[in-house]
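First comes the structure, then the notes that go with it.
The values are calculated or read from the model by the stated rules, or taken from the named source; none is laboratory data. Please read all numbers here as calculations on a predicted model, not as lab measurements. Using ideal geometry, Cβ is built from the backbone for each residue, glycine included, and neighbour counts are taken over all protein chains shown.
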Amino acid sequence: MKSGLPGTDIVPRRLAKAITELRGLQKLLLSGEGLDPRILTDFRDALNHVRNTAWSAQQYIASQATDQDPASVLCVLAGERVRVAYQLCHAIQSDLKSTDIKFQTGQLIQLYSAATALTDQLGNVVDKPE
């Protein structure tokens, strides 16, 4: 599987390490001890995102190998980012309502700036007649 290029074995090694870590986490989750529902939700969302990204990467590689247009795979990835952003927006809204969570003002200013720019772009796309 090595191509002889420096660093090409990094991804397979990290994936193997991640698989081992996930199997260990599975055993911990099955024990049911010390589980925080909010952290479990975030973990499940992250796993789902990684799973969808891995599937998309696999499809992208397959499309390149068969000289097919990878645009449909890129659309799936973009759709996944939108889904994740939607979930994150709701989680952040919940966090902002919580009195237990203290945010750093700088982080909120950066988020506000990015959200404002995104809202402007979304307005341009959503308001376009088809």
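One table, with the values for the structure above:
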item: Given (1) surrounded by 12 or more Cβ atoms within 10 Å (Cβ to Cβ); (2) modelled with pLDDT of 85 or more; (3) within 17 Å of the chain's Cα centre (by Cα), number of the condition A62 does not satisfy; result: (3)
item: Residue in the stretch 2-23 that is β-branched (V, I, T) and within 29 Å of V125 (Cβ to Cβ) present; result: no
item: Single match in Q87, Q110 (criterion: in contact with an Asp or Glu (Cβ under 7 Å, 6 or more places away or on another chain), surrounded by 10 or more Cβ atoms within 10 Å (Cβ to Cβ) and not hydrophobic (A, V, I, L, M, F, W, C)); result: Q87
item: Test result for R13, free of Cβ contacts under 8 Å to residues at least 40 places away in the same chain, surrounded by 10 or more Cβ atoms within 10 Å (Cβ to Cβ) and among the charged types (D, E, K, R); result: no
item: Verdict on R38 being more than 22 Å from L15 (Cα to Cα), among the charged types (D, E, K, R), assigned to a helix (DSSP H, G or I) and modelled with pLDDT under 90; result: yes
item: Check on A57, at pLDDT 95 or above, of a type in the set (A, V, I, L, M), within 20 Å of the chain's Cα centre (by Cα) and part of a helix (DSSP H, G or I); result: no
item: Test result for A18, among the small types (G, A, S) and under 22 Å from the mean Cα position of the chain (by Cα); result: yes
item: Residue selected from the stretch 78-104 under the condition of a type in the set (S, T, Y) and not in a helix (DSSP H, G or I), by the criterion farthest from the chain's Cα centre (by Cα); result: T99
item: Candidate set from the stretch 21-52 (those that are within 24 Å of D95 (Cβ to Cβ) and of a type in the set (S, T, N, Q)); member that is surrounded by the fewest Cβ atoms within 10 Å (Cβ to Cβ); result: T41
item: Residues being more than 15 Å from R38 (Cβ to Cβ) and of a type in the set (K, R) - total across the stretch 82-106; result: 2
item: Residue that is of a type outside the set (S, T, Y) and either in contact with a helix residue (DSSP H, G or I) (Cβ under 6 Å, 6 or more places away or on another chain) or assigned to a helix (DSSP H, G or I) (or both), where the choices are Q68, Q26; result: Q26
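Here's the yes/no breakdown for (1) part of a loop (DSSP other than H, G, I, E, B); (2) modelled with pLDDT of 90 or more; (3) on the phi > 0 side of the Ramachandran plot:
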position	(1), (2), (3)
P6	yes, no, no
I19	no, yes, no
E33	yes, no, no
H49	no, no, no
